[in-house]
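Take a look at the structure set out below.
Just so it is clear, none of the values below were taken in a lab; they were calculated from the coordinates. All values derive from a computational prediction rather than experimental measurement. Backbone-built Cβ (ideal geometry, glycine too); neighbour counts: all protein chains shown.
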Amino acid sequence: MTGTDPLRLAILISGRGSNMSAIARACAEGRINARVDLVLSERASAAGLDAARALGIDARTVAWPGAAEREQFERSLDAALAAACPDIIVLAGFMRILSQQFVEARAGRILNIHPSLLPRYRGLHTHRRALEARDRIHGASVHFVTAELDGGPVILQSRVAVRTADTEDTLSARVQATEHIIYPRVIGWLADGRLAWREGRPWLDGKALDAPVVEDFP
Ligand code: GAR
């Protein structure tokens, strides 16, 4: 730990919230110098909201009024976020697309995790697509969010070997287990000042990060 104030996080989820829980545990156990102040979901039924509450975290719903009303949604989101004043907004299985305006107003302050080795398989059904393509290596990517969907600079990737017997379920379970390691790690780098956003790009340990850091998992 650095002795500095913890990095304040707001986490946006749409579902189970296993990444949110992994990050919250890393904070609570002092493995990273960060604090989850707020969890928001656009789905009141998201299981991760209850998981967050069980961890003592303020967890709320921001209702999704429909794609045509995205501006209204983002105003409500902004109001909920403003009250918590987070340093970083962490998208963890948040399945809505944020507008260019929302993202650009927070450049370098929004992270996302995506279940593929970006730039491969932006969008949905990444595990199925990796199996269909008979990829031998698959994985997950933590990246800064830009206006381009799943297109922001990648910071850290986990690489997982695809097994011949893999199904979408077994592969996604193995990839998700690695997500729970790499996402807290990146947040820890930010909290320790090792990772920064400057001049419109990520920097790690004082050097521009031109390619992601890659970690191999079995
Ligand atoms: C995670 O596997 C994450 O990579 C994926 O959703 C899952 C959420 O799980 N995100 C995306 O597909 C974003 N495009 P969780 O709710 O248990 O963290």
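What number, rounded to the nearest 500 deg cm²/dmol, is the helix-based mean residue ellipticity at 222 nm of the chain, given -39500 (n - 2.57) per DSSP H run of at least four residues and division by all its residues?
Rounded to the nearest 500, it is -10000 deg cm²/dmol.
Let me see the pair-distance distribution of the stretch 107-218: every alpha carbon pair, 5 Å bin width, integer percents in order.
Going out from 0 Å in 5 Å bins, the stretch 107-218 shows 2, 13, 24, 23, 18, 11, 7, 3, 0 percent.
Give me the distance in nm between label points sitting 7 Å out from Cα along the Cα-to-Cβ direction at ALA196 and ASP210, one decimal.
The modelled label-to-label distance comes out at 2.1 nm.
With only alpha-carbon pairs counted, each pair once and no self-pairs, how large is the Kirkwood hydrodynamic radius of the stretch 1-64 in angstroms? Kindly include the intermediate steps, with their values, before the conclusion.
Numbers: mean 1/r = 0.0849 Å⁻¹.
Averaging 1/r across every pair of different Cα atoms and inverting gives 11.8 Å.
I'd like the per residue volume of the convex hull spanned by the Cα atoms of the chain, given in cubic angstrom.
Values: hull volume 27.1 nm³, N = 218.
Taking the convex hull of the Cα positions in the chain, it is 125 Å³ per residue.
Could you tell me the ratio Rg/Rh of the stretch 50-120? Both radii from Cα atoms, Rh via Kirkwood.
Working: Rg = 13.4 Å, Rh = 13.8 Å.
The Rg/Rh ratio comes out at 0.97.
With no solvent and one point per C-alpha, what does the Debye sum give as log10 I(q)/I(0) for the stretch 149-212 at q = 0.24, 0.28 Å⁻¹?
Each listed q corresponds, in turn, to -1.03, -1.20.
Considering the Cα trace of the stretch 57-176, what is its radius of gyration and what is Dmax, both in angstroms?
Final numbers for Rg and Dmax: 16.2, 49 Å.
Pop the C-beta distance of ALA105 and ARG60 into the FRET formula with R0 = 22 Å and round what comes out to the nearest 0.05. Kindly include the intermediate steps, with their values, before the conclusion.
Details: r = 21 Å, r/R0 = 0.96.
With R0 = 22 Å, the Cβ-Cβ based efficiency is 0.55.
If you filter the stretch 1-80 for trypsin sites (Lys or Arg not before Pro), then keep DSSP loop positions with at most 15 other Cβ within 10 Å, what is left?
Numbers: sites: ARG8, ARG16, ARG25, ARG31, ARG35, ARG43, ARG53, ARG60, ARG70, ARG75; in loops: ARG16, ARG31, ARG43.
Loop-located and lightly packed - ARG16, ARG31.
Can you tell me the equivalent ellipsoid semi-axes for the stretch 176-218? Use √(5λ) from the Cα gyration tensor, largest first, whole Å. Write out the running numbers ahead of the final one.
On the way: eigenvalues 89, 30, 12 Å².
Whole-Å semi-axes of the equivalent ellipsoid: 21, 12, 8.
Work out, step by step, the length gained on full extension between ARG75 and THR4: first 0.36 nm times the residue separation, then minus their alpha carbon distance; give nm to one decimal.
Numbers: separation 71, 0.36 × 71 = 25.56 nm, distance 3.15 nm.
Full-extension gain reported as 22.4 nm.
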